[in-house]
Amino acid sequence: MVKAQIHAGGRGKGGGVKIAKSVEEAGELASKMLGMTLVTHQTGPEGRLVRRLLIEETLPIERELYLGIVVDRAEARPVFMASVAGGIEIEQVVAENPNAILKEYIAPGMGLEAFQARKLAFQLGLKQQQINQAVQFMGGLYKAFAETDSSLMEINPFITCSDGRLFALDAKMNFDDNALFRHPELKELRDITEEDPLEVEASKYSLNYIKLDGNVGCMVNGAGLAMATMDIIKYAGGMPANFLDVGGGANAEQVTHAFEILLSDKSVKAVLINIFGGILRVDTLARGVVEAANKTHIQLPVVLRLEGTNVEQGREILQQSGLNFIVAETMKDAAEKVVAAASAA
């Protein structure tokens, strides 16, 4: 098997998984796959450049199953999932039939118990001689999940072979960023070539940035306010270009870097800065914005909605900057002004 290693699912349908019948054919497939732009339903139309491949023995697959663990926010505990519908169609199967997923909730401090694993193994229809091996697999998966501070861990497909063996044929792991200080060995595995360059740059300055598909750049302090800002931009008929939370304790330098990152996105046609000054004072934010605007020679319209600590000093800094900022009084007013400015750009 020759498999493209990109951070996206649906690789098989996109041409990123091929079976080779000889070493020579594997070499030919690898040559074609390396350097190709692989487009799947998770990459978007721009696709991902294939830089690495997994070359693995082809196994005599009998059945393709699914095992996974995720933190269930509503239940406030991990849930172990299993399904007979493993393989490339798992997402579609779940969307069409949620009951196809078997679930066992894990009690805090207890871990996945043996009786839960056996229950899932029997529900998956495994043969009697495969039950104990499957229980070991599930226990190992949960142990890895807990010890690495994961937010998601899955084996897809988890296969049974015609000779009775069980294999974890492929796996995916997501880790809690807030716990990575406990796992330096995991940080060393980071592949920034598989991440958005702007998100990589933002992480250098402890900024929470996620690139989106719209044309209205957003800079906000506080995740909740950022989500509300994105919602009201949509309500006003626009599309946010990013999620950018500079955090409650940001300094002028961080604000400057945040502004530069936001403006590096060529799809941004107008910028909305929505700040409530609590820990982050409005005058600190204003100095950072002015410094970034002067440094980047910004030509885009910038709408500001500022409230909170030292708001008058902040507004004074902006007024004396000589820059052409659009001031809004409310979030609704700010959203309408920035959407109109982006449409006119």
For Leu244, indicate whether it is in contact with a strand residue (DSSP E or B) (Cβ under 8 Å, 6 or more places away or on another chain), under 17 Å from Val216 (Cβ atoms) and part of a loop (DSSP other than H, G, I, E, B).
no
With the checklist (1) under 21 Å from the mean Cα position of the chain (by Cα); (2) within 25 Å of Ala144 (Cβ to Cβ); (3) in a helix (DSSP H, G or I) in hand, flag the one item Ala95 doesn't pass.
(2)
Test for Gly238: is it of a type outside the set (Asp, Glu) and on the phi > 0 side of the Ramachandran plot
no
Residues that are at positive phi: find the strands (runs of 3 or more DSSP E) completely inside segment 261-345 holding 1 or more of those.
302-308
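So is Gly217 open to solvent by less than 70 Å² (accessible area, probe 1.4 Å), outside any helix (DSSP H, G or I) and small (Gly, Ala, Ser) or not?
Details: open to solvent by less than 70 Å² (accessible area, probe 1.4 Å): yes; outside any helix (DSSP H, G or I): yes; small (Gly, Ala, Ser): yes.
Yes: the conditions hold for Gly217.
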Scan segment 12-34 residue by residue and report those that are in contact with a strand residue (DSSP E or B) (Cβ under 7 Å, 6 or more places away or on another chain), part of a loop (DSSP other than H, G, I, E, B) and open to solvent by 40 Å² or more (accessible area, probe 1.4 Å).
Leu34
So Arg63, is it farther than 30 Å from Lys211 by Cβ and either open to solvent by less than 80 Å² (accessible area, probe 1.4 Å) or not in a helix (DSSP H, G or I) (or both)
yes
Checking the condition within 21 Å of the chain's Cα centre (by Cα) and exposed (fewer than 14 other Cβ atoms within 10 Å of the Cβ), which residue from Ala107, Ala76 passes?
Ala76
For segment 181-199, pairs from a residue that is more than 20 Å from Gly47 (Cα to Cα) to a residue that is loosely packed, with under 12 Cβ neighbours inside 10 Å, with Cβ under 7 Å and 6 or more apart or across chains, are none
Condition test on Leu169, is it modelled with pLDDT under 90 and closer than 30 Å to Gln42 by Cβ?
yes
Only residues that are open to solvent by less than 50 Å² (accessible area, probe 1.4 Å), under 16 Å from Pro157 (Cα atoms) and assigned to a loop (DSSP other than H, G, I, E, B): list them for segment 1-11, please.
Ala8, Gly9, Gly10, Arg11
Checked pairs for segment 239-251, first open to solvent by less than 10 Å² (accessible area, probe 1.4 Å), second modelled with pLDDT of 85 or more and among the aromatic types (Phe, Trp, Tyr), C-beta under 6 Å and 6 or more apart or across chains, list as Leu244/Tyr209
Tell me, yes or no, whether segment 146-162 has at least one residue that is exposed (fewer than 14 other Cβ atoms within 10 Å of the Cβ), free of Cβ contacts under 8 Å to residues at least 60 places away in the same chain and part of a helix (DSSP H, G or I).
yes
Looking across segment 166-177 at residues that are outside any strand (DSSP E or B) and in contact (Cβ under 8 Å) with a residue 12 or more places away in the chain, the single one that is surrounded by the fewest Cβ atoms within 10 Å (Cβ to Cβ) is Asp176
Exactly one of Val311, Val282, Val290, Val327 is crowded, with 19+ Cβ neighbours inside 10 Å, closer than 23 Å to Ala228 by Cα and free of Cβ contacts under 8 Å to residues at least 60 places away in the same chain, and that one is Val282
Do you know which residues across segment 119-136 are closer than 18 Å to Pro78 by Cα and either open to solvent by 20 Å² or more (accessible area, probe 1.4 Å) or among the polar types (S, T, N, Q) (or both)?
Lys119, Val135
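Can you tell me how many residues within segment 272-307 are among the polar types (S, T, N, Q), out of contact with any Leu (no Cβ under 7 Å at 6 or more places or on another chain) and closer than 15 Å to Val338 by Cα? Let's see the steps before the verdict.
Here is the first cut: in segment 272-307, the residues among the polar types (S, T, N, Q) are 274, 284, 294, 296, 299.
The next check asks that each one be out of contact with any Leu (no Cβ under 7 Å at 6 or more places or on another chain); those that pass are 284, 294, 299.
Imposing the further condition that a residue be closer than 15 Å to Val338 by Cα reduces the set to 299.
Selection size over segment 272-307: 1.
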Within segment 261-283, considering residues that are more than 21 Å from Ile233 (Cα to Cα) and not hydrophobic (A, V, I, L, M, F, W, C), the one modelled with the highest pLDDT
Asp283
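The values are calculated or read from the model by the stated rules, or taken from the named source; none is laboratory data. It should be emphasised that the depicted structure is a prediction, and the values quoted were computed from it without experimental measurement. Here Cβ is always computed from backbone atoms with ideal geometry, including for glycine, and neighbour counts include all displayed protein chains. These accessible areas exclude ligands, DNA and RNA; they are computed on the full protein's heavy atoms, side chains included. Shrake-Rupley method; radii C 1.70, N 1.55, O 1.52, S 1.80 Å.
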